[in-house]
Amino acid sequence: MTITPDFRFRRLRRTSTLRELVRENQLRASDFILPLFIEEDITATVDIPSMPGVVRYPESQLEEVVLRAYGKGIRAILLFGVSTHKDDVGSDTWSDQGLMARCIKTAKSACPDMLVISDNCFCEYTEHGHCGVLCEGSHEGLDVDNDLTLANLQKQAVVAAQAGVDMIAPSTMIDGMVAAIREGLDSAGFQHIPIMSYSTKFASAFYGPFRDAVDSTFKGTRSTYQMDPANGREALAESMQDELEGADILMVKPGLAYLDVIANIRQHSQRPLAVYHVSGEYAMIKAAAAANVIDEQAIVLETMMAFRRAGCDLIITYYAEQLAEWLSAS
Ligand code: PBG
């Protein structure tokens, strides 16, 4: 590259038209995925104190919520069930009458054009709150049994597909989860259903408010299955492994503290890449906005642009509906 010593970058920054002309990244409502919390046995919405603006919806309001989001330009939702039918293994998730299956059916029939993604995990359906079947741990008490959990995940994914889900999003961080789900789906005739894997998911303190959101009584650690935030090489290996197992879309979670991981995966994979802007990231912006120390809209747009710049195609965020409104107004 030849360097012109007196080059003036400011020539292309002089007017908003010029700046727009050379802008490298854009945001569209269709890039966002809206997470929704649906709770069993409630009749009105329940506020989540740490996440102002986010609520748990009763099943009876799911149809209306999906239509509202679609009306704002949102084209994909990620469903989380908050179950009252918990047991040791999360068996409600593989019942065709269970909460997960019911939510999928309701959302799809409300709005067939909305892409419905299920969060495929067990933690909101187990009494102990872990993301799978428990076994004796070697050093720190109870642990999650990898292969027993895989078998249950397979059953869960097939039931979700039978209920009409458009995409499976396994978030358990169990080894082999993508291969197991792919095999389960294929042998049940669902070769066409894609998997968006939570491929690089860290054991993060940024999930704190999510625990409020799903009303989890979980007190332990997920560090024997989720990743150590210190590890960058392993972060890449986790996603590359899921790609090898057949993941259609990869994901990094959380977002802002892991932009280096996003950029690294982007360089090594041709798959679409998603990021999960998680509950703690949302809560921190909301708290700072409520304290009047930041401009909420500007901060959120800048954060989302950082994800695009780092290499993400899709952004899962509790701000999705609000973003769609801001973008259509601008
Ligand atoms: C469950 C799950 C979690 C989140 C999404 N799926 C919590 C966890 O792993 O502890 C976090 C979402 C958020 O914080 O917004 N496996």
#### Entry: The listed residue being at pLDDT 95 or above, open to solvent by less than 20 Å² (accessible area, probe 1.4 Å) and assigned to a helix (DSSP H, G or I), out of Ala160, Ala169, Ala151
Ala160
## Note on the structure
When Phe218 is run through (1) closer than 23 Å to Glu124 by Cα; (2) modelled with pLDDT of 95 or more, the failure sits at (2)
#### Entry: Those residues of the stretch 42-72 which are touching an Asp or Glu at 6+ places or on another chain (Cβ under 9 Å) and among the hydrophobic types (A, V, I, L, M, F, W, C), in sequence order
Ile42, Val46, Ile48, Met51, Val54, Val55, Ala69
### Message
I need the full set of residues from the stretch 251-282 which are in contact with a strand residue (DSSP E or B) (Cβ under 8 Å, 6 or more places away or on another chain) and more than 16 Å from the ligand (Cβ to nearest atom), in order please.
### Response
Val261, Ile262, Ile265, Arg266, Ser269, Arg271, Pro272, Leu273
### Message
Based on this model, can you work out whether Gln61 counts as out of contact with any helix residue (DSSP H, G or I) (no Cβ under 8 Å at 6 or more places or on another chain), over 16 Å from Ser216 (Cα atoms) and not in a helix (DSSP H, G or I)?
### Response
no
### Message
Going through Thr126, Thr149 one at a time, which residue ends up being within 13 Å of the ligand (Cβ to nearest atom), over 14 Å from Ala247 (Cα atoms), free of Cβ contacts under 8 Å to residues at least 40 places away in the same chain and not aliphatic (A, V, I, L, M)?
### Response
Thr149
### Query
If you go through the stretch 1-46 one residue at a time, how many are hydroxyl-bearing (Ser, Thr, Tyr) and either farther than 30 Å from Gly71 by Cα or surrounded by 11 or more Cβ atoms within 10 Å (Cβ to Cβ) (or both)?
5
### Subset of the stretch 49-58 that is out of contact with any Phe, Trp or Tyr (no Cβ under 8 Å at 6 or more places or on another chain) and not polar (S, T, N, Q) - its residue that is least open to solvent (accessible area, probe 1.4 Å)
Pro58
### Residue list for the stretch 81-95, restricted to those being crowded, with 22+ Cβ neighbours inside 10 Å and either modelled with pLDDT under 95 or in contact with a strand residue (DSSP E or B) (Cβ under 6 Å, 6 or more places away or on another chain) (or both)
Gly81, Gly90
### Query
Considering the stretch 195-251 alone, what residues qualify as being in contact with an Asp or Glu (Cβ under 6 Å, 6 or more places away or on another chain) and polar (S, T, N, Q)?
Ser197, Ser199, Thr200, Thr224
### Task
Please indicate, with yes or no, whether at least one residue in the stretch 271-285 is in contact (Cβ under 8 Å) with a residue 60 or more places away in the chain and among the β-branched types (Val, Ile, Thr).
yes
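Which of the residues spanning the stretch 96-124 are of a type outside the set (D, E, K, R), over 20 Å from Leu185 (Cβ atoms) and modelled with pLDDT of 95 or more?
Gln97, Leu99, Thr106, Ser109, Ala110, Cys111, Pro112, Met114
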### Query
Restricting attention to the stretch 173-194, which residues are open to solvent by less than 50 Å² (accessible area, probe 1.4 Å) and part of a helix (DSSP H, G or I)?
Met177, Val178, Ala179, Ala180, Ile181, Arg182, Gly184, Leu185
### Query
Can we say Ala320 is within 16 Å of the ligand (Cβ to nearest atom) and more than 22 Å from Ala76 (Cα to Cα)?
no
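Conditions tested, residue by residue: (1) open to solvent by 10 Å² or more (accessible area, probe 1.4 Å); (2) assigned to a loop (DSSP other than H, G, I, E, B); (3) of a type in the set (Lys, Arg).
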residue: Gln97; (1), (2), (3): yes, yes, no
residue: Met100; (1), (2), (3): yes, no, no
residue: Lys105; (1), (2), (3): yes, no, yes
residue: Val116; (1), (2), (3): no, no, no
residue: Phe122; (1), (2), (3): no, yes, no
residue: His128; (1), (2), (3): yes, yes, no
residue: Cys135; (1), (2), (3): yes, no, no
### Message
What pairs come out if I take residues in the stretch 225-252 that are buried (at least 19 other Cβ atoms within 10 Å of the Cβ) and pair them with residues that are of a type in the set (Phe, Trp, Tyr) and in a helix (DSSP H, G or I) whose C-beta lies under 8 Å away, six or more apart or interchain?
### Response
Ala235/Tyr258; Val252/Tyr258
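The values are calculated or read from the model by the stated rules, or taken from the named source; none is laboratory data. Keep in mind that this is a model prediction, so the values were computed, not measured. Glycine gets a Cβ as well: all are built from the backbone with ideal geometry, and neighbour counts include every protein chain shown. Quick note on the areas: whole protein, heavy atoms, side chains included, nothing else; ligands and nucleic acids left out. Shrake-Rupley method; radii C 1.70, N 1.55, O 1.52, S 1.80 Å.
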